[in-house]
Amino acid sequence: MRDLRRDRIPHGNLPLELDTFVGRAAELAELVRTLESERLVTVTGAGGVGKSRLAVRTAARCTPRDGVWRVELAPVRDEEFVDYAVVEALGLVDHTTRLPRETLLAHLADRELLLVLDGVEHLVDACASLAADLLGRAPGLRVLAVGRRPLAVAGERVVPLAPLSPEESVELLTVRAGQRHAGHGYDTSPDEGHGEMRELCRRLDGIPLAIELAAGRLGALSPRQMLQRLDDRFRLLTGGDRTALPRHRTLRTAIGWSHELCTPGERLLWARLSVFTGSFDLEAAEYVCSGDGLPAEEVLDVLSALLAQSVLTREETPAGVRYRMLDTVRAYGADWLEATGDTARLRRRHRDWYVGLATWCELEWFSPRQREVATRVDAELPNLRGALEHSLTEPDEAHLGQYLAGALWFHWVGCGRLSEGRRWLEQAVRLDAEGPAGAQSRLKALWVLGYVAILQGDTVQALAALQECREEAERSANPTAVAYAEHRTGCLALVTDDMPRAETLLRSALHRYREIGELNSNVLMGQVELAMARAFQGDLPDAVRLCEDVRQVCEDHGERWARGYALYVLAYAAWSDGEPRRARELLADCLRGAHRFRDQLGSVLAVELLALVTVAEGDAAEAAVLQGAAGRMWPSVGLRLFGSAHYNVPHELCEAAAREQLGDERYEEFVRHGALLSRREVMTRALRRPGPPAALPLPRGAGRRATAGARTAKPAASPTRKGGETAG
């Protein structure tokens, strides 16, 4: 009997600290102790006081079994997206029609982890509801919230954070000045400059963000000059009574003072950058923010100046170098932009950039840059949401919102975001956009909505959307929309076991694609789906021919997503021909690709078939473990094996063989173990090389006989709502 103990390594998504953490030893120790005894702790304090840094530092000292996960809520503007943000931070993928709250509850039910909700102040009601619900039903969960005010939830322990002590303030100022302005001689020696720096920190009330902004100016101004300028501003605001200025206005004043010290170009860029949500890259900043006093070729230099002054921060991400503005600083810029009357124009430019980016990404999805596209859209999702929200709430821009929701089909379908995609698509198709462009955009949103609904197992909504799309497309003589509607209707017939109809519709759609010259990942998926229909009707040679053609086209164009599904069919054929080693190689390739794109459907299909290959190689125990892992994955995908008798045949054959070798009790034990594995652990097991295969009574050609008998096989049972997601 192999060892079934869970061997988990704590993990999570805490950001790496890029500069020195200064001070806060007492607060850090207190917060760690509090988290050990309380399940909901909220760190409160004024803006810029260092709540997020302290929370991340504290969380890094915690070691719950299933890791520490931080949810950045500053870019979230709509309370409806709070649950989505948590799902995203945890790395969960759910293709079903379940609400994200249900996905979270299922995932967290038996896990021990710390969830850091960072930036709750503008979403208090939604965050309070989420925290109460999760803590009430997930006993192993602890929540560390960060915001300017408490959540006001029963059992909450509030830890207010005060500004830095005088000694810590001076240390922070000298350390940051030394980092940013090497060679200026900033140190902590008790000289005249040190005294002025101490006074400067006192005037800034020990607020870390204000001190960081001051440190950014010490390369151009001496501490004495900075004090004089700050004195002037305080006198103007308080009539000379410095004590009348509350701390929240101290920060606002420090930001405003830093703003006044900027050049006109720096102030202009600061204001215009406030239209971004979350992070952004240089190309976006150059397009959105240039013009009217700021040439595009000067944006980099001005942006670099803001970076040196701590107005912006720089991040190294999988999508490349990106920039971010702290929410307090961004809000100041947004107010200034509003005062200039330029907000509407900048929002349109922001929208235009991200519509253009989505267009480029959709085209480049069918190219060697497919992985880059997936990474880029992940990074840009907060800004894409902003562009969608802007377009779908402006009456004259509905067609752009419909276009954007449809153009992102590859992200909704191929990168594990069906639930969010459906929300945007349903909102988009409810709108009536005028003119030919509007009609065409709505047709695309309709067929994409139909596709998403099919993958979620919602056949009624899928059929309604596809029928409406086809009728409107025929009425407006839009051959492209007709082809896509017919294709997806064929896909619906495939997963509902109507193979003759599926074949007819898919062949017709492929013919239409050839007539209009359409070739992309969708078209290749149509050919893979036709191959599945042929395989399920017993014609494996034709299925292999179709998928080898898809594979070649994918190799020529660098396409990896559709290629994975072609490999799945080829692996099915290899197993049917008694070549389990070949089938395993194909499935390993398929699984790696699906994992990269967070394609949960592709992953679980590959694991199901790999279990059958594994039992054919003689390892019934490992096959049962893989079946248990697949069983845990299906609730986040939809109806197990689509409820299809044809798709269910490999599962039934594997289970029968494994039960025969292991006996019912041992089989169920291994299945239960597989259900405990994380997605990362499933990948590790699935991709490792097997030992020498042992003989197993699955005769050559069993797959051919299985497909012939699929019509009489029992459909797979509907998945239970328990189990949930398998996060890495």
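The values are calculated or read from the model by the stated rules, or taken from the named source; none is laboratory data. Since this is a predicted model, take the numbers as computed values, not measurements. Methodologically, a virtual Cβ is constructed for each residue, glycine included, from the backbone with ideal geometry; neighbour enumeration extends over all protein chains shown. These accessible areas exclude ligands, DNA and RNA; they are computed on the full protein's heavy atoms, side chains included. Shrake-Rupley method; radii C 1.70, N 1.55, O 1.52, S 1.80 Å.
What to note about this one:
- Within segment 285-312, restricting attention to residues that are polar (S, T, N, Q) and in contact (Cβ under 8 Å) with a residue 24 or more places away in the chain, the residue that is nearest to ALA331 (Cα to Cα) is SER310.
- Screening LEU31 against (1) open to solvent by less than 10 Å² (accessible area, probe 1.4 Å); (2) under 26 Å from the mean Cα position of the chain (by Cα) leaves a single unmet condition, (2).
- Qualifying residues in segment 480-504 (those that are over 34 Å from the mean Cα position of the chain (by Cα) and assigned to a helix (DSSP H, G or I)) - the one farthest from TRP409 (Cα to Cα): PRO500
- Subset of segment 639-659 that is charged (D, E, K, R) and either in contact (Cβ under 8 Å) with a residue 12 or more places away in the chain or open to solvent by less than 30 Å² (accessible area, probe 1.4 Å) (or both) - its residue that is nearest to ASP498 (Cα to Cα): ARG640
- Of everything in segment 430-443 that is part of a helix (DSSP H, G or I) and surrounded by fewer than 24 Cβ atoms within 10 Å (Cβ to Cβ), the residue that is modelled with the highest pLDDT is GLN440.
- Only one of the numbered conditions (1) open to solvent by 40 Å² or more (accessible area, probe 1.4 Å); (2) part of a helix (DSSP H, G or I); (3) of a type outside the set (Phe, Trp, Tyr) is violated by ALA334, and that is (1).
- Pair list, Cβ under 6 Å, 6 or more apart: segment 343-366 residue more than 21 Å from SER521 (Cβ to Cβ), other residue hydroxyl-bearing (Ser, Thr, Tyr) and surrounded by fewer than 20 Cβ atoms within 10 Å (Cβ to Cβ): TRP353/TYR287
- The condition (being within 23 Å of ASP83 (Cα to Cα), among the acidic types (Asp, Glu) and part of a helix (DSSP H, G or I)) is satisfied by just one residue among GLU362, GLU426: GLU426.
- Test: residue in segment 616-635 that is outside any helix (DSSP H, G or I), open to solvent by less than 20 Å² (accessible area, probe 1.4 Å) and modelled with pLDDT under 90: no
- Evaluated against (1) under 18 Å from TYR403 (Cα atoms); (2) assigned to a helix (DSSP H, G or I); (3) within 33 Å of the chain's Cα centre (by Cα), ALA462 falls short on exactly one condition, (1).
- Subset of segment 40-64 [under 29 Å from GLY416 (Cα atoms), without any contact (Cβ under 8 Å) to a residue 60 or more places away in the chain and not aliphatic (A, V, I, L, M)]: THR63
- Yes/no for ARG198 being part of a strand (DSSP E or B), at pLDDT 80 or above and of a type outside the set (Val, Ile, Thr): no
- Taken together, the residues in segment 574-600 that are in contact (Cβ under 8 Å) with a residue 40 or more places away in the chain and closer than 24 Å to ARG417 by Cβ amount to 8.
- Cβ-Cβ under 6 Å pairs, at least 6 apart or on other chains, segment 210-223 side closer than 12 Å to LEU251 by Cβ, far side part of a loop (DSSP other than H, G, I, E, B): ALA210/LEU204; ILE211/LEU204; GLU212/SER310; LEU213/SER310
- Members of segment 643-660 found to be in a helix (DSSP H, G or I) and touching a Pro at 6+ places or on another chain (Cβ under 9 Å), listed by number: GLY643, ALA645, ASN648, ALA657, GLU660
- Extreme residue, most open to solvent (accessible area, probe 1.4 Å), among residues of segment 34-47 that are part of a loop (DSSP other than H, G, I, E, B) and under 22 Å from LEU141 (Cβ atoms): ARG39
- Against the conditions (1) surrounded by 24 or more Cβ atoms within 10 Å (Cβ to Cβ); (2) under 22 Å from VAL649 (Cα atoms), CYS469 satisfies every one except (2).
- Residue within segment 574-584 that is within 31 Å of the chain's Cα centre (by Cα) and of a type in the set (D, E, K, R) present: yes
- Helices (runs of 4 or more DSSP H) within segment 65-160 that include 1 or more residues open to solvent by less than 10 Å² (accessible area, probe 1.4 Å), farther than 27 Å from VAL275 by Cα and of a type in the set (Gly, Ala, Ser): 124-137
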